[in-house]
Amino acid sequence: MVIYEGDDINIHTVCMKDNRRTQAERSAATRDALVAAGRALFAARGYAEVGTEAIVQAAGVTRGALYHQFADKTELFAAVFETVEAEVIARIGVAIAAQAPADPIEAMRLGAGAWLDAACAEPEVQRIALLDAPAVLGWARWREIGSRYGMGLVQGLLSQAIAAGQVPPQPVGPLAHVLLGALRESALYLADAADPATARREIGAVIDGMIAALARP
């Protein structure tokens, strides 16, 4: 950076800002490394079987760096869970957009199917989001984080269906909570199923029926 004579700029302030920006970037990189390492280990072994030493070794950072970023292993797990939830919801949005259904009811069916497929077929989603998260974070926090990422998508689809006259006018918020609750319970059912393929087919039919029942006769 060139500072010309007469410029009303404090070079010390400029350097401090550049240094702070570099520190922020380093901190973000450390956090990303910890989340990535924790995600891989939690998915492979489960939360209870992963120690902080394994996490910091996999991330290539010190234990002090871990506790600088997160209060404890539970908070790191919460960050991992949020990352998984955000990615799954983003993929559901892409799956809906790829088929571009003109019918909002069909869009809801596609979205629900994409979520159930992830819950059924992806061990990482099962382990982190469905099996460990409720136990590690508690039911209330698990539900709050899941709703934070999925609620907007469900409410948007319901609003479109009501606006299109496919669903009778009604409060969107309560209905969205009911649907999200049904989808969460369906995913938990799949995660614990002895025969995932049969369970996916059966629970998919139940959810499709619920969504179809929302439409006007």
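If you filter the stretch 69-115 down to residues that are over 18 Å from the mean Cα position of the chain (by Cα) and at pLDDT 95 or above, you find that the one that is surrounded by the fewest Cβ atoms within 10 Å (Cβ to Cβ) is Ala71. Can you spot a residue in the stretch 163-173 that is touching a residue at least 60 places away in the same chain (Cβ under 8 Å), among the hydrophobic types (A, V, I, L, M, F, W, C) and in a helix (DSSP H, G or I)? For the stretch 163-173, residues touching a residue at least 60 places away in the same chain (Cβ under 8 Å), among the hydrophobic types (A, V, I, L, M, F, W, C) and in a helix (DSSP H, G or I): absent. The number of residues in the stretch 195-217 that are of a type in the set (Asp, Glu) and assigned to a helix (DSSP H, G or I) comes to 2.
When the residues of the stretch 116-148 are filtered to those that are more than 28 Å from Ser159 (Cα to Cα), surrounded by fewer than 21 Cβ atoms within 10 Å (Cβ to Cβ) and small (Gly, Ala, Ser), the one that is modelled with the lowest pLDDT is Ala121. Only one entry of Ala212, Ala199 meets the criterion of being surrounded by fewer than 17 Cβ atoms within 10 Å (Cβ to Cβ) and modelled with pLDDT of 90 or more, and that entry is Ala212. The set of residues in the stretch 37-63 being within 28 Å of Ala121 (Cβ to Cβ) and of a type in the set (D, E, K, R) consists of Arg39, Arg45, Glu49. Restricting the stretch 35-68 to residues that are among the β-branched types (Val, Ile, Thr) and under 22 Å from the mean Cα position of the chain (by Cα), the residue that is surrounded by the fewest Cβ atoms within 10 Å (Cβ to Cβ) is Val35. Taking the criterion of being in contact (Cβ under 8 Å) with a residue 40 or more places away in the chain, of a type outside the set (Phe, Trp, Tyr) and in contact with a helix residue (DSSP H, G or I) (Cβ under 7 Å, 6 or more places away or on another chain), would at least one residue in the stretch 44-58 satisfy it? Within the stretch 44-58 (the criterion being in contact (Cβ under 8 Å) with a residue 40 or more places away in the chain, of a type outside the set (Phe, Trp, Tyr) and in contact with a helix residue (DSSP H, G or I) (Cβ under 7 Å, 6 or more places away or on another chain)), the answer is yes, since at least one residue qualifies.
The values are calculated or read from the model by the stated rules, or taken from the named source; none is laboratory data. Given the structure is predicted, the values throughout are model-derived calculations rather than measurements. Every residue, glycine as well, gets a Cβ built from its backbone with ideal geometry; the counts of neighbours run over all protein chains shown.
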